[in-house]
1. Going by amide H atoms built from the backbone, whose H comes under 5 Å of the H on Leu56, apart from near neighbours?
2. Between the stretch 30-69 and the stretch 81-146, what is the C-alpha centre distance in whole Å?
3. Hey, could you grab the Kirkwood Rh for the chain? Inverse mean 1/r over distinct alpha carbon pairs, Å, one decimal.
4. Taking the chain as a Gaussian network, where each spring joins two C-alpha atoms under 10 Å apart, which residue of Ser75, Ser91, Ser11 fluctuates the most?
5. Please compare each pair in Lys8/Lys153; Lys8/Lys57; Lys57/Lys183; Lys153/Lys183 to a cut-off of 24 Å on the Cα-Cα distance and tell me which ones are over it.
6. What fraction of the DSSP beta bridges in the chain is antiparallel, stated in percent and rounded to the nearest 5?
7. Which order results if Met114, Met1, Met85 are arranged by neighbouring Cβ count within 10 Å, fewest first?
8. Glu53 to Glu112: extension gain in nm, 0.36 nm per residue of separation minus the Cα-Cα distance?
Amino acid sequence: MPKASELKKGSVVEVDGEVYIARNIDIRNPSARGASTLYKVRFFNVRDGKKLELTLKGDEWVKDGNLARHSIQFSYRDGDMITFMDTENYSQYTLRADVLEEQTDYMTEDLEGMVALLVDGEIVSVELPASVVLEIVETAPGIKGASASARTKPAVLSTGLEVQVPEYLETGERIKVNTTNAKYVSRA
């Protein structure tokens, strides 16, 4: 059983016999002495999508949801549905794109390291690797002599994601991007 302070986006918990997934966590640090940090968490029911908002103290325990993790690979997108394949038994799981929100900006066909979160054999969420490699498809021309710690410029990546990159990078280069904050990490 994790504490509220250990919850992160995509965590699956059980509240009143229902399984919920954490979608948004707002951390509030009260200024009063001795006051504990509060975690305002917006959960969504994995079955019917209903919202549940809870405010928890950092040391409160929450019950883990009955959850299985399977290594998966992105297969294809059909309209607003995304299909993944289990890399061990080749079974397929389909999930609505709106459930994944901005995670789709990091998904490519060759992406490895994704994990499906399954509740009673049904996919409810996807965990991405810490960083992914994407190609720059549009950016301003590179500037010769620009140093690695110099200014940045916007770049559009192969999935449509826009990130800030160093000035010396050019269109066609592959870069590593952090999936938690959408920031440039390094060249690939």
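The numbers here are math on the coordinates, done by the rules we state, and not lab data. As the structure is a computational prediction, the values presented were derived from the model and not from experiment. Ideal geometry is used to build each Cβ from the backbone, glycine not excepted, and the neighbour counts take in all protein chains shown.
1. Under 5 Å from the amide H of Leu56 lie the amide H atoms of Tyr39, Lys40, Val41, each far enough along the sequence or on another chain.
2. Distance between centres, Cα-based: 25 Å.
3. After inverting the pairwise mean of 1/r, the radius is 18.6 Å.
4. Ser91
5. Listed pairs above 24 Å: Lys8/Lys153; Lys57/Lys183.
6. Here the share of antiparallel DSSP bridges comes out near 100 percent.
7. The fewest-first ordering by Cβ neighbours comes to Met1, Met85, Met114.
8. In short, 17.9 nm is gained.
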